[in-house]
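Some notes on the structure that comes next.
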Amino acid sequence: MAEETIFSKIIRREIPADIVYQDELVTAFRDISPKAPTHVLIVPNILVPTANDVSEAHEQAMGRMFTVAAKIAKQEGIAEDGYRLIVNCNRHGGQEVYHIHMHLVGGCPLGPMLS
Ligand code: 5GP
């Protein structure tokens, strides 16, 4: 059984966060340390630690993360100019919180990804 992270507490609204969207599958909230004018984290409500742990059972939630990302991008007014969706995995991927999450980052030019 994977250990819960702070994100589980945010999902259950036990600790404060700027939640911009929530439904039965996913929760989206603003990153506490934003790297761009828009920086939202989209997470499944159930604990999936990393991209390595994604299975067929999670396909609905993973798909919902993308549809919610598109919805939030439009709400934020960044859809036309564009944005970046990032999922970090494990140490080499720079993952810090072991509850899989998609970063939605935009609102300014982001430059080449691997610079
Ligand atoms: P990772 O490096 O795991 O892909 O990204 C984790 C992200 O979670 C970081 O961008 C970090 O700023 C954000 N984060 C960590 N703790 C909290 C928190 O308590 N609240 C919020 N809103 N974001 C957090």
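No value in this document is a laboratory result; all are computed from the given coordinates. All figures in this text were calculated on a predicted structure; none of them were measured in a lab. Note that we place each Cβ from the backbone using ideal geometry, even for glycine, and neighbour counts take in every protein chain shown.
Give the number of residues within segment 37-55 that are more than 11 Å from the ligand (Cβ to nearest atom) and farther than 12 Å from His99 by Cβ.
Total satisfying the criteria: 5.
Mind telling me which of the residues Leu110, Leu85 ends up being surrounded by fewer than 17 Cβ atoms within 10 Å (Cβ to Cβ) and touching a Lys or Arg at 6+ places or on another chain (Cβ under 6 Å)?
Leu110
Show the residue pairs that are 6+ apart or on different chains and have beta-carbon atoms under 6 Å apart, the first residue being within segment 43-62 and without any contact (Cβ under 8 Å) to a residue 60 or more places away in the chain, the second being exposed (fewer than 14 other Cβ atoms within 10 Å of the Cβ) and of a type in the set (A, V, I, L, M, F, W, C).
Leu47/Ala2; Pro49/Ala2
Looking for whichever is in contact with a Ser or Thr (Cβ under 9 Å, 6 or more places away or on another chain), assigned to a helix (DSSP H, G or I), of a type in the set (Gly, Ala, Ser) and at negative phi here; the options are Ala69, Ala61, Ala57, Ala73. Which one fits?
Ala73
Of the residues Ala28, Ala2, Ala36, which single one is touching a residue at least 12 places away in the same chain (Cβ under 8 Å) and in a strand (DSSP E or B)?
Within the list Ala28, Ala2, Ala36, the selection yields Ala28.
Scanning segment 82-110 for residues that are within 8 Å of the ligand (Cβ to nearest atom), assigned to a loop (DSSP other than H, G, I, E, B) and touching a residue at least 60 places away in the same chain (Cβ under 8 Å), which turns out nearest to Phe66 (Cα to Cα)?
His101
Just wondering, is there one or more residues in segment 12-22 that are within 14 Å of the ligand (Cβ to nearest atom), part of a helix (DSSP H, G or I), within 12 Å of the chain's Cα centre (by Cα) and surrounded by 15 or more Cβ atoms within 10 Å (Cβ to Cβ)?
No: zero hits.
If we keep just the residues of segment 23-35 that are away from the ligand (no atom under 11 Å from the Cβ) and among the hydrophobic types (A, V, I, L, M, F, W, C), which is farthest from Ala79 (Cα to Cα)? Quick ask: steps written out before the conclusion?
Within segment 23-35, the subset away from the ligand (no atom under 11 Å from the Cβ) is 23-26.
Now narrow it down to the ones that are among the hydrophobic types (A, V, I, L, M, F, W, C): 25-26.
On the way: Leu25: 23, Val26: 20 Å.
That would be Leu25.
Return only the number of the condition from (1) touching a helix residue (DSSP H, G or I) at 6+ places or on another chain (Cβ under 8 Å); (2) of a type in the set (Asp, Glu); (3) buried (at least 17 other Cβ atoms within 10 Å of the Cβ) that Asp31 does not satisfy.
(1)
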